[in-house]
Amino acid sequence: MGRKVLVLNADYSALSICTVPKAFTLVFLNKAELVSDSQKGYLRTVDTTYPLPSVIRLHRYVALPYKGVMLSRQNVFRRDGNKCVYCGSHEDLTLDHVTPKSKGGKTNWDNLVTACRRCNSRKGDLSPEEAKLSLSRKPYKPSFIMFLRDFAGSIEENWVPFLGIKE
């Protein structure tokens, strides 16, 4: 059961994504309500059939002090589509500082990109211009909603109204 469920806060803002068993448990224990069910199946017990959750809303508001995307190796890879920003390769990926650390480059979303080992070695301690490499896209910090929408895998149709996607 690899399906994902969109979890909304009490104010209908996107909060996270969870598994179907976790979502069903929250609904069954009356900690959340089923907003939308998936038309692709049901949850069955010996004598009862339940709708397969797709979107649930928590009954109590959860205040999150920081709702951003954490800077991590895997999240940078996801943002860059698991390919080198210099040559497009999917093999032997590493992280690269666009402005090298030795030249004052910081370790943040706006300076880290995914690079294959070959391009990273070729670039070395130089800027992309000095190494005669061009970035296929400029690095950026993804927002939480953008991360849910674009990098969480497949998105069901009934998630669209809650993620700010224009149809």
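Here are some notes:
- Residue among Arg122, Arg149, Arg117 that alone is under 30 Å from Cys18 (Cα atoms), of a type in the set (Lys, Arg) and either surrounded by 11 or more Cβ atoms within 10 Å (Cβ to Cβ) or at pLDDT 95 or above (or both): Arg149
- Any hit, the range 88-101, residues being in contact (Cβ under 8 Å) with a residue 40 or more places away in the chain and open to solvent by 80 Å² or more (accessible area, probe 1.4 Å): no
- Complete set of residues in the range 102-119 that are touching a residue at least 24 places away in the same chain (Cβ under 8 Å) and of a type in the set (D, E, K, R): Lys103, Asp110, Arg117, Arg118
- Restricting the range 23-59 to residues that are surrounded by 13 or more Cβ atoms within 10 Å (Cβ to Cβ) and farther than 20 Å from Val160 by Cα, the residue that is farthest from the chain's Cα centre (by Cα): Tyr50
- Matching strands (runs of 3 or more DSSP E) fully within the range 20-101 where at least 2 residues are of a type in the set (S, T, N, Q): 32-44, 49-58
The values are calculated or read from the model by the stated rules, or taken from the named source; none is laboratory data. Model, not experiment: these values are computed from the prediction. We place every Cβ from the backbone using ideal geometry, glycine too, and count neighbours over all the protein chains shown. The area values use the complete protein model at the heavy-atom level, side chains included, leaving out ligands, DNA and RNA. Shrake-Rupley method; radii C 1.70, N 1.55, O 1.52, S 1.80 Å.
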